[in-house]
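Heads up, the thing below is written out as structure tokens.
The values are calculated or read from the model by the stated rules, or taken from the named source; none is laboratory data. No experiment lies behind these values; they were computed from the predicted model shown. Here the Cβ positions follow ideal geometry from the backbone for every residue, glycine too, while neighbour counts run over all protein chains shown.
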Amino acid sequence: MPVVSRRYFVEGRVQGVYFRDSTRQVAERLGITGHAINLRDGRVEVECHGENDAIAKLEAWLHEGPPMSRVDAVSVEAIETAPPVGFSTG
């Protein structure tokens with residue numbers, strides 16, 4: 001199956017609540033590579049590369065986040081970059 005690449009921007013209470021590491025755990029379980037990083041404006045950027053079904057599952061999870069988070073909005077854009085090896089949080 002072809003690799004799908006997306007960049008998400010997650011807004012809300014998403015920093016300091018294990019959002020990045022939880023995202024990494026979900027992504028790795030789904031076979032997705034990429035990263036989750038904190039942005040200076042309080043959002044988290046999630047870049048992901050994987051099969052369409054896996055990306056759709058991660059996107060659904062991003063709208064919920066881990067228990068201590070509060071997700072107010074998720075925006076998405078298609079990107080064209082080479083998939084990295086693994087998933088990083090920094």
Within the stretch 32-58, count every residue that is without any contact (Cβ under 8 Å) to a residue 40 or more places away in the chain, in a strand (DSSP E or B) and out of contact with any helix residue (DSSP H, G or I) (no Cβ under 8 Å at 6 or more places or on another chain).
1
Checking W61 against (1) of a type in the set (F, W, Y); (2) surrounded by fewer than 20 Cβ atoms within 10 Å (Cβ to Cβ); (3) assigned to a strand (DSSP E or B), only one condition comes out false. Which one?
(3)
Pairs under 7 Å by beta carbon, first residue closer than 13 Å to E28 by Cβ in the stretch 78-90, partner modelled with pLDDT of 85 or more and part of a loop (DSSP other than H, G, I, E, B), six or more apart or different chains?
F87/I32
Quick one: in the stretch 64-79, which of the residues that are touching a Lys or Arg at 6+ places or on another chain (Cβ under 6 Å) and not in a strand (DSSP E or B) is surrounded by the most Cβ atoms within 10 Å (Cβ to Cβ)?
S69
State all residues of the stretch 10-32 that are farther than 11 Å from V46 by Cα, of a type in the set (G, A, S) and either crowded, with 17+ Cβ neighbours inside 10 Å or under 10 Å from the mean Cα position of the chain (by Cα) (or both); if no residue qualifies, say none.
G12, S22
